[in-house]
Amino acid sequence: MTGRTVLGTSPPCGIGAPTGAARRTPVSWWIRRFATDTNSVVERQLCTAAVYVGAHAMFLVSGIVVTEPAAVLAGMVLVAAATMAAFVLRRPGYPGSAAMIVPLMDLLAVGLLRAGTGGAASVFTILLILPVISLGVEPGRWPLLWGGVVTVGVILLPAAMDPASATDGQWVRVIFTPLVLGLTCLSVNELTRRLRSRISAVKLLRAQQAVLLRQAQDSAATNAATSALLRQGAALTTAVIDAITEQAIVGTDLDGTIEVFNPGAERLLGVAAHDVLGRRTLVDFTLLEHAGPGQDAAAHAAVKALIAEAERGVPLVRSRSQVTADGRRRDLDVSITARRDAAGDVDGFIFVATDMTEAKKQARLKDEFISLISHELRTPLSSILGYLELLADDDDEDARLTAEQHAHVATIQRNAHRLLSLVSDLLFTAQVESGRFRIERRELDLAAVVRASFDSARPAAKARGVRLALGDASGPMLVSGDALRLGQAVDNLVSNAVKFTPGGGRVAVTLGWGPADEEAPRALISVSDTGIGIPADQLDQLFGRFFRASTATQHAVPGVGLGLTIARAIATAHDGSIRVASTVGEGTTFTLALPRLP
Amino acid sequence: MTAGVVIADDDADIRALVSLAVRRAGGRLLAEVGDGQAALDAIRRGGCRLAVLDVAMPRMTGLEVCAAVRADPATAGVLVLLVSASVQPLAIAAGASAGADRFIEKPFGVRALADEIGRLLDPTARHREGPA
């Protein structure tokens, strides 16, 4: 079956494949079909049957007579049956080996024709060659065996029908005719086997070629897609870099030659990219900073130092002052990152510069403003408080004030101190905002700080009728911090608690260490009150500048909303934190946590 | 003999308060001026034991006067008390680096200032422990 399929099937492509033009011309189609697809049992049978029928024309020749008409007729019938069998057996479902029945039937038909036309003397013996060749074309050796047996039978058939005709010469024919035909069949069988094998090899090669072609096409398509993605990625990167106009991005190779120069760099450094790319190095941009004798060496050294730091692998940010091409001096923050190739080796550097000139100018203005406010507000307050002190001084008997005047002076003093406190708080928060708030750490006893704040709050608590309780620590609690600032934070928490607690209420201050199982035990200062409380939805805004809880404004509690801002800033500067828990109408608890002294 | 004191502040009211504190501390007022250059001139005229200088003043700041006083061998021994309205740590650090003996923030009480001046002028209590 396999052999038939191979020979009877057109190649997958190329030779023998009918093209569109061939289909339109039936003659050429048939020529092509017979030239390339001749192993169909039907076609072989049609040829054999045609020759077999045509051979009957020999009866018209004198000397050729039909001795057994019944045998001739039976042979004709057998050929017709073989032809029908050929049509039936080519249908799917029949084994390939079944096709050899057709030439075997033809052999018998030739035997009958031979027997009916003179037996051993028949001229039609030569017709045996056609079914023998047809058998040889069939794959495998079984057709040879069966062909040999049937051929011997066919040769013996006349002797079987007429034993008297079996002469010595006939026995020679019985031996040699099957032998010659068998060798012929064997040769055809071997030739077709080899041909079949080569065609199989060609088909296999073609299949492999087709697979390779598909793989090549797939690979080409993948490469094209990858290239497109790469182009797309490069275009995106370029677009992003070009869109950054407020920062300068400069890429260099290992020698510092500039390879990337975005519009931000053009704007910031005052040079067009086409004048820089591949032409200038980082040193060129550093020369202006080192004007004077030996500027080349100084610039090279400066660039080398920058690159050496970046090569260590840690991205760096350096503040530097840069003179631009048009002579302007800009303050830049420059981040330097080493660029690495696929093997991980440094093959260049990326410099991203942010213009900090305006930001630094703003910071300077802010500092100047703070200094100005400090001076202009605190100086008149100095005069007010100083002269009030003199006024209230009882040393001079001639100028001694009456009790009522003393009360008035005390009121002025209290308000002057409030004003001073407000100014100080504003300045403090301004310092925090500008990032210039610093603390001076020393080892200190937190218990002493809390006790001092507690004592400071006692007069106010007493005046409001608020009970003040201190749960003192059993011993000193050593932390690292700024005693003045921590005192300020605790003052704010305690004074707030007193301020927001109605008369008859209670404020409790406790001090202790956090849970011992914590990785880093912390000192905890807790200030709890039975005051008006804070709505839950306002707790997260509580530490914002100038924020006042709705309960504070409803109860007309004085204040500007800076105390907690300051307390949190101080806690943060000490690597600590402040938590708050509150219920409206029940009270509030603030807990200040500070790291223990290592 | 009482110690001579030079006072410099661009605010006349503050100068009056400081001069009162100086008198209460037992000091003798040599000069009371409104700018840094005048203060330096007064110190260089001699007889000055203590200079009470405002930091923010016209012509020369208190820090510049202090540095000039320390740089001149003739005046290097003069005690300097800086008075400033600035609460910034950097200002205090600048006063220390300029060589001031004490640093007092505004506002101050007359009594507290007098005590501070008294401690500086009293030879028995004098000990150069650095800026406050």
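The values are calculated or read from the model by the stated rules, or taken from the named source; none is laboratory data. This structure is a prediction, so every number in the text was calculated from the model and none was measured. So basically every Cβ, Gly included, is an ideal-geometry build from the backbone, and we count neighbours across all protein chains shown. When the accessible area is computed, the model is the full protein with side chains, heavy atoms only, and any ligands, DNA or RNA have been set aside. Shrake-Rupley method; radii C 1.70, N 1.55, O 1.52, S 1.80 Å.
A few notes on this one:
- For the stretch A:84-162 versus the stretch B:12-38, the gap between their alpha-carbon centres in whole angstrom: 147 Å
- Dipole magnitude of the stretch A:405-530, debye to nearest 20 (Cβ charges: Lys/Arg +1, Asp/Glu -1, about Cα centre): 640 debye
- Semi-axes of the equivalent ellipsoid for the stretch A:395-523, Cα gyration tensor, largest first, Å: 33, 21, 15
- With helices as the sole contributors, chain B gives -12500 deg cm²/dmol at 222 nm; each DSSP H run of n ≥ 4 counts as -39500 (n - 2.57), and the sum is divided by every residue.
- In Å², nearest 10: area of A:Thr530 left accessible to a 1.4 Å probe: 70 Å²
- In order along the stretch A:153-160, the Karplus-derived 3J(HN,Hα) couplings, from 6.51 cos²θ - 1.76 cosθ + 1.60 at θ = phi - 60°, round to x, 5, 5, 7, 3, x, 5, 5 Hz, and Gly and Pro are given as x.
- Taking N as its residue count, the alpha carbon Rg of chain A over 2.2 N^0.38 Å: 2.28
- Tail fraction, Cα-Cα pairs, the stretch A:39-146, threshold 21 Å, whole percent: 33 percent
- Between B and A, buried accessible area from a 1.4 angstrom probe totals roughly 1800 Å², ignoring ligands, DNA and RNA.
- Fraction of accessible area attributable to carbon and sulfur, the protein assembly as shown (%, probe 1.4 Å): 61 percent
- Surface per residue (accessible, 1.4 Å probe) for the protein assembly as shown, Å²: 52 Å²
- Of all DSSP-defined beta bridges confined to the protein assembly as shown, some 70% are antiparallel rather than parallel.
- In the protein assembly as shown, a dipole from Cβ-located charges (positive for Lys and Arg, negative for Asp and Glu) runs towards its positive end, and of A:Ala50, A:Gly278, A:Ala74 it is A:Ala74 whose Cα lies farthest in that direction.
- For B:Glu32, residues with placed amide H under 5 Å, excluding near neighbours: B:Ile7
- Residue of B:Ala74, B:Ala39, B:Ala25 that the Gaussian network model of chain B assigns the largest fluctuation, springs spanning Cα pairs under 10 Å: B:Ala74
- Counting only Cβ charges, +1 for Lys and Arg and -1 for Asp and Glu, the dipole size of the stretch A:145-208 around its Cα centre is about 740 debye.
- The protein assembly as shown - charge dipole about Cα centre, Lys and Arg +1 at Cβ, Asp and Glu -1, debye rounded to 20: 3560 debye
- Charge dipole (chain A, unit charges on Cβ, about Cα centre) - positive-most of A:Gly148, A:Phe369, A:Ser480: A:Gly148
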